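The structure under discussion appears below in the form of structure tokens.
The values are calculated or read from the model by the stated rules, or taken from the named source; none is laboratory data. Note that this is a predicted model, so its numbers are computed, not measured. Cβ sites come from the backbone with ideal geometry, for glycine too, and all protein chains shown count toward neighbours. Quick note on the areas: whole protein, heavy atoms, side chains included, nothing else; ligands and nucleic acids left out. Shrake-Rupley method; radii C 1.70, N 1.55, O 1.52, S 1.80 Å.
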Amino acid sequence: MNGRLALVRATHLNDYIAVLREIGAPVDRALGRSLLPPGIEECPDLYVSVSIALEWVAKTGHDLHPMELGLLGAQKASLAALRPAQQIAIMAAQTGLQRLRALAALSQYEDSALEISLRNEGEDVRVICTMKGFGRHVFLCFSEWLNLQAVVSVVRSVTGPSWCPAELSFVSSYRPVEAVRAAFPDARILVGQPQSSVLVARADLARLTFDTTASAGTSPIPMPPGGPRDDPTEPWEFVHLMRMLIQPYVEEGRPDVAVAAELAGMSTRTLQRHLKLCGSSYSQILQEARFQLACMRLEDPSLKVIEIALMTGYENPQHFTRAFRRFTGVTPSEYRHQNAGIAIRASPN
């Protein structure tokens, strides 16, 4: 199996494209001659072939040693590249170990060939990143670097940005260059191994996430308040995050509170208690999420109002219009015209 049917979100390939542009590689010409979709840098949520992406990166960046290019791509990577719901599911977890488990559960949505597993080894935990079907692909190190960096970023979100793993292992046989050793000075760098992995001390993973303000070395994702301490000092933040969490699922139907609780990494009862402390409820944030999604869809002139009503879970346009007016004071059509810069007078109630 050559892995050609394996898909990865374009946002991860874009990390390498950014590096290649910085070093002066002929990116535009190379993209024009490739099988990659046009405009890939503007469409991070597209999915592309892993095999095609690996071969394109290697060919376009041939002036750099593969391990150095892989490191540079990893340094561009960020947890912020994950979809909002996935970021929140990871960052809402209460310990480093739970965050890694959340990453493992969600990894397939970023790369369909990636499988992350955790294995206890004495006082350490080995986080194993397997690219199913790729064996010892000659350019596998480019995927390995992004996968291992995701693990490192999650651990650093708990321990702080200076944390260094005890060991990094690669299936690829390329020797680590000096830049790699400088980036991870306290880590054993092993190549030609049966699996790629990160070795993490269990004590680091046992830390409670609310005891740290570390940001994983990337743009931080705010933690919702009211974790183990039930502290509702910033209620707007938790409600906002919950809206972000469920909005991607609105078009698939009305996600019930049990689904939302599972996505947020807590029990249904705990979620309902937090929302009540924040002066809200699940039905309210669901309405707000549907409204936000409707506003986004109304910016697309190719969509009819009736189509948007169905997309956002309303049974008919009349129900959609009444609900939309409650939030804005205008109808969906009026909102669309106003945001297109057309001045119209709102209709009376």
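As I understand it, the value is the acute angle between the Cα axis of helix 141-159 and the longest principal axis of the Cα atoms of the chain; what does it come to in degrees, rounded to 10?
Around 70 degrees separate the two axes.
Taking amide H positions as placed in the peptide plane 1.01 Å from N, state which residues far from D124 in sequence (5 or more) or on other chains have amide H under 5 Å from it.
Under 5 Å from the amide H of D124 lie the amide H atoms of R202, each far enough along the sequence or on another chain.
Collect residues whose amide H, placed 1.01 Å from N in the peptide plane, falls under 5 Å from the amide H of S196; neighbours closer than 5 in sequence don't count.
Those lying under 5 Å, H to H, from S196 are C129, V171.
Kindly express, to the nearest 10 degrees and within the range 0 to 90, the angle between helix 317-328's C-alpha long axis and the longest C-alpha principal axis of the chain.
80
What whole-number distance in Å separates the alpha-carbon centres of the range 91-125 and the range 18-69?
Here the two parts' Cα centres lie 27 Å apart.
Quick check on packing: order 29-40, 121-132, 142-153 by the mean number of other C-beta atoms within 10 Å, highest mean leading.
Result, highest mean Cβ count within 10 Å first: 142-153, 121-132, 29-40.
Over the range 1-114, what relative contact order in percent results from Cα pairs under 8 Å that are six or more residues apart?
Values: 110 pairs, mean separation 40.3, N = 114.
With pairs under 8 Å counted, the relative contact order is 35 percent.
Residue-wise, which Karplus ³J(HN,Hα) couplings in Hz belong to the range 168-175, taking 6.51 cos²θ - 1.76 cosθ + 1.60, θ = phi - 60°, and x for glycine or proline?
Taking θ as phi minus 60°, the curve returns 10, 10, 10, 6, 4, 9, 5, 5 Hz for the range 168-175.
Tell me, what ³J(HN,Hα) does each residue in the range 14-27 have, in order and in whole Hz, if you take phi through Karplus 6.51 cos²θ - 1.76 cosθ + 1.60 with θ = phi - 60° and put x for Gly and Pro?
Listing the rounded values in order: 4, 4, 6, 4, 4, 5, 5, 5, 5, 8, x, 5, x, 4 Hz.
Relative contact order for the chain: what percent, with Cα pairs under 8 Å and sequence separation of 6 or more? Please report the intermediate quantities before stating the final value.
Numbers: 545 pairs, mean separation 49.0, N = 349.
Normalised by residue count, the contact order of the chain is 14 percent.
Could you give the size of the charge dipole of the range 11-157 about its Cα centre, using +1 on the Cβ of each K and R and -1 on the Cβ of each D and E, expressed in debye and rounded to the nearest 20?
Its charge dipole is roughly 180 debye.
Once fully extended, how much extra length lies between Y109 and Q292, figured as 0.36 nm per residue of separation less the alpha-carbon to alpha-carbon distance?
63.5 nm
Straight distance only, please: which lysines reach the Cα of K76 with their own Cα at less than 30 Å, same-chain residues fewer than 8 apart left out?
Partners within reach: K59, K132.
At 7 Å along Cα-to-Cβ for each site, give me the label-to-label distance between E178 and D256 in nm.
6.2
Write down the accessible area per residue of the chain in Å², having rolled a 1.4 Å probe over the full set of protein chains.
Accessible area per residue, the chain: 49 Å².
Applying the Karplus parametrisation 6.51 cos²θ - 1.76 cosθ + 1.60 with θ = phi - 60° to the phi angles of the range 282-290, what ³J(HN,Hα) value in whole Hz is obtained for each residue in order, glycine and proline being reported as x?
Once θ is set to phi - 60°, the couplings for the range 282-290 become 5, 4, 5, 5, 5, 4, 5, 5, 5 Hz.
Quick check: at a probe of 1.4 Å, how many percent of the accessible area of the chain sits on carbon and sulfur atoms?
C and S fraction of accessible area: 53 percent.
If I model a spin label as a point 7 Å beyond the Cα along the Cα-Cβ vector, how far apart are those points for D45 and R33 in nm?
Each label point lies 7 Å from its Cα, and together they span 3.3 nm.
Need the list of lysines near K276 for cross-linking: C-alpha distance under 26 angstrom, and skip anything on the same chain fewer than eight residues off.
By straight Cα distance, K276 reaches no lysines at all.
With runs of 4+ DSSP H residues as the only contributors, calculate the mean residue ellipticity of the chain at 222 nm using -39,500 (n - 2.57) per run, divided by the residue total and rounded to the nearest 500.
For the chain, the value works out to -14000 deg cm²/dmol.
Determine the dipole magnitude for the range 31-118: charges of +1 sit on the beta-carbon of Lys and Arg, -1 on that of Asp and Glu, nothing else is charged, the reference point is the Cα centre, and the result goes in debye to the nearest 20.
Taking the Cα centre of the range 31-118 as origin, the dipole is about 220 debye.
Students often check this: by mean Cβ neighbours within 10 Å, which of 244-251, 264-271 ranks highest, and how do the rest follow?
Result, highest mean Cβ count within 10 Å first: 244-251, 264-271.
DSSP beta bridges in the chain, what fraction antiparallel, as a percent rounded to 5? Before the final figure, lay out the partial values.
Details: 22 of 25 bridges.
Bridges in the chain that DSSP calls antiparallel: roughly 90 percent.
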